[in-house]
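Each remark here refers to the structure printed beneath this line.
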Amino acid sequence: MANLKEIRNRISSVSSTMQITSAMKMVSAAKLKKAQDAITAMRPYSDKLTEILQSLSSTMEGEAGSKFAEQREVNKALVVAITSNRGLAGAFNSNIIKELIRLNLPDLNES
């Protein structure tokens, strides 16, 4: 049977664990709030991008002779690479750069 010292030690340990858990909950709640605020702040950009794409799509469908729909030889292509500047994204960024190199873009390979 456990003696009084072991019981006090166990109570102290459980109390300490409860405090740590409570602190972790507060931190995670703050991070969740920050992420929700970031998503809410992006909503106007998303709405505008959707509006632009719908406008472009309707322009292409509406006119048979549209400048966007005409067939022509490809002389130049634009590739926009978007990488992350957030932590732990090294593999993501590396894979994007490897894919650009695999595409064999002349300007990228010269530098």
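Summary table below
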read-out: Residue within the range 66-88 that is open to solvent by 70 Å² or more (accessible area, probe 1.4 Å), modelled with pLDDT of 85 or more and assigned to a helix (DSSP H, G or I) present; value: no
read-out: Filtered residues of the range 1-21 (kept if assigned to a helix (DSSP H, G or I) and open to solvent by 100 Å² or more (accessible area, probe 1.4 Å)); value: L4, K5, E6, R8, N9, R10, I11, M18, Q19
read-out: Of the criteria (1) open to solvent by less than 100 Å² (accessible area, probe 1.4 Å); (2) modelled with pLDDT under 85; (3) assigned to a helix (DSSP H, G or I), which one P44 fails; value: (2)
read-out: Answer from N104, N109 - the residue that is assigned to a helix (DSSP H, G or I), modelled with pLDDT under 80 and exposed (fewer than 11 other Cβ atoms within 10 Å of the Cβ); value: N109
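The values are calculated or read from the model by the stated rules, or taken from the named source; none is laboratory data. Everything numeric here is computed off the predicted structure, so don't read it as measured data. Because the Cβ atoms are built from the backbone with ideal geometry, glycine has one as well, and the counts that use them run over all protein chains shown. For the accessible areas, the whole protein counts, side chains as well, though only heavy atoms, and no ligand, DNA or RNA atoms are used. Shrake-Rupley method; radii C 1.70, N 1.55, O 1.52, S 1.80 Å.
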